[in-house]
Amino acid sequence: MELIVLDTAEAIASRAADAIEALLASKPNAILGTATGSSPLPLYDELTRRYEAGRISFAQVEGFMLDEYVGLPEGHPERYATFMERNLRSRVDMRPGSLHGPDALSEDLQAACDAYEAAMAAAGYCDLQILGIGADGHIGFNEPGGPLDSTTHIDELTEQTRRDNARFFDGDIDAVPTRCITQGLGTIMKARKLVLIATGENKAEAVAHLVEGEIDPRWPATVMQNHPDALVLVDPAAASLLRQRH
Ligand code: F6R
C-alpha cells in the first residue's frame, strides 16, 4: 500500500486523476469503479477538466458504482445513480447506460446483488476502483464486522454513517436510508488498482487503522493492506493520527 500525504484536496484530485489518465492511455476501454460522497468530488471536477482539455476520453469506458441506497426513489438527488450521472457521466463523454449500479429498487434485493456481482465478474472486475473511507472505516458501504471476502450484498448503515451522511439530507438523519447494496470487500479487492481518497480530521482515526493498524474486520478498509496495488491519498488532517511521519 502506498500512502501519499498532499496539502490540498486539489493536489489529491490531481494525483488520482493522473492514475486514471495513465490507465486510459494504456487501456481506453478500462473498467472504472466509482465512489460517491464528498471525497471524490474534486477528482470528478479534475477529470472533467482533463476531458474538456482533450487529454482523456471516457467514450469506451464502462463504470461500476460501489454502492446504492435502498429506499430512495428513481431520480432522488441523493440516489447514487443520480449523483454519478450529475457529477461525472453527464459531464464527460461516457455513453448513457455505461455506468452501472446495483438495482436497489428491485423487489428481490438478493437477486439484484447476485446480478450485480455477476455483471462485474463478466466485465472482468474493475481496472481501477476509486474509494472514499467512512469515519468508521467502511469502504463501499461495508460496515464494521462483516467478512473481509464478501461479495455484493445488502448492508445495514451504522448510526455513525447515517449521522455523517445526514448532511446530504438537509441534516435530517431520519431521511438517510438504513440499508444499501454494496460491492463486498472481496469484490473491491478484485480491482487491479485501488485509489482511496481521505480528507479532513473526521477520517483521521480510520486512516490510522488503515495505514498502521492490524487487518481487522472492525476496520474494514484495513483489508486493503493485502492488495498488491493500493494508493492512499490523504491530506494532513486525515493523516494527523498517524504515529509515523510519511
Ligand atoms: C460512497 C462510499 C462510501 C464513501 C464514504 C466517505 O460510494 O462507498 O464508502 O466513500 O462514506 O464518504 P465522504 O466522501 O462523503 O466522506
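Nothing in this text is a laboratory measurement; each read-out follows from the coordinates by a stated rule. As the structure is a prediction and not an experimental result, all values here were calculated from the model. Note: ideal-geometry Cβ built from the backbone for every residue, glycine included; neighbour counts use all protein chains shown.
Compute the Cα gyration tensor for the stretch 1-126, then decide on rounded, prolate or oblate, letting a ≥ b ≥ c be the square roots of its eigenvalues: rounded whenever a/c is under 1.5, prolate when a/b is larger than b/c in the other cases, and oblate in all that remain. Because a/c hits 1.5 or more and a/b exceeds b/c, the stretch 1-126 counts as prolate. Under the combined filter of DSSP loop state and at most 12 neighbouring Cβ atoms within 10 Å, the stretch 203-246 retains these GluC sites (Glu not before Pro): Glu214. Rounded to 0.05, the FRET efficiency of the Ser240 and Ser57 pair, given R0 = 30 Å and the Cβ-Cβ distance, is 0.20.
Dividing the summed -39500 (n - 2.57) terms of all DSSP H runs of n ≥ 4 by the residue count of the chain sets its mean residue ellipticity at 222 nm at -9000 deg cm²/dmol.
What shape does the stretch 120-246 take by its C-alpha gyration tensor, where a ≥ b ≥ c are the square roots of the eigenvalues and a/c under 1.5 counts as rounded, a/b above b/c as prolate, and the rest as oblate? It comes out oblate by the Cα gyration axes. Taking the Cα atoms of the chain, the ratio Rg/Rh between the radius of gyration and the Kirkwood radius comes to 0.93. What aspartates and glutamates does Lys190 reach when the alpha-carbon gap must be under 20 Å and sequence neighbours fewer than 8 apart in one chain are set aside? Within the straight-line limit of under 20 Å, Lys190 reaches these aspartates and glutamates: Glu2, Glu62, Asp67, Glu68, Asp114, Glu117, Asp127, Glu143, Asp149, Asp155, Asp216, Asp229. Other residues lying with their Cβ under 10 Å from the Cβ of Val223 contribute a combined charge of -2, Lys and Arg counting +1, Asp and Glu -1.
Multiplying the residue separation of Ile173 and Ala11 by 0.36 nm and subtracting their alpha-carbon distance yields 55.1 nm.
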